[in-house]
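Peer 1: Dropping the structure in here first, questions after.
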Amino acid sequence: MKKILLLLAVTFSNISFAIENAEGIVYCHGKTVVEYRLINPEKDGTASDVDLTVNGKTKRFMTAYSWFGSYQATPKGFKFAILGEKQFDPLLVFNDRLEDAKKNKYKQCN
């Protein structure tokens, strides 16, 4: 019985260490949690790839640093766009929020 309890304790302690903490700013909208991480942050402003984590699932996407459509003024606070998938194509990154293709605004939540 003691061996079983010891085995259970070791198993559950390993699981708790496997949960990864957020590395950067986390954004939330409803039940959706989003975080991005620049692949080469030393080139801030020119990084071409980003790891985008949505509800714990991470994929790598390209970025775009110019505003879409040269006939429009760049919105205040716009930093870059993440060229993701579905509702995250594009995901616009602003100084204080993220905005997806459906115009949902994600506010910092960590």
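The values are calculated or read from the model by the stated rules, or taken from the named source; none is laboratory data. Just so you know, these numbers come straight off a predicted model, no measurement behind them. For neighbour counting, all protein chains shown are included, and Cβ atoms are generated from backbone atoms with ideal geometry for every residue, glycine included. In case anyone asks, the SASA skips ligands and DNA or RNA and just uses the protein heavy atoms, side chains included. Shrake-Rupley method; radii C 1.70, N 1.55, O 1.52, S 1.80 Å.
Peer 1: With the structure loaded, tell me whether Val26 is in contact (Cβ under 8 Å) with a residue 60 or more places away in the chain and among the aliphatic types (A, V, I, L, M) or whether it fails that test.
Peer 2: yes
Peer 1: Let me ask something else about it. Check the range 41-63 and report whether any residue there is open to solvent by less than 60 Å² (accessible area, probe 1.4 Å), modelled with pLDDT of 80 or more and outside any strand (DSSP E or B).
Peer 2: no
Peer 1: Could you check the range 51-96 and list, in sequence order, the residues that are under 13 Å from the mean Cα position of the chain (by Cα) and of a type in the set (S, T, N, Q)?
Peer 2: Listed by number, the residues that qualify are Thr53, Asn55, Thr58, Thr63.
Peer 1: Let me ask something else. If you scan the range 64-106, which residues turn out to be among the hydroxyl-bearing types (Ser, Thr, Tyr) and either part of a helix (DSSP H, G or I) or touching a His at 6+ places or on another chain (Cβ under 9 Å) (or both)?
Peer 2: Tyr106
Peer 1: With respect to Lys79, determine if the residue is at pLDDT 85 or above and within 18 Å of Glu99 (Cβ to Cβ).
Peer 2: The answer is yes for Lys79.
Peer 1: So, one more: Given the conditions (1) touching a Lys or Arg at 6+ places or on another chain (Cβ under 9 Å); (2) open to solvent by 70 Å² or more (accessible area, probe 1.4 Å); (3) modelled with pLDDT under 90, and given that Gln72 satisfies all but one, which numbered condition is not satisfied?
Peer 2: (1)
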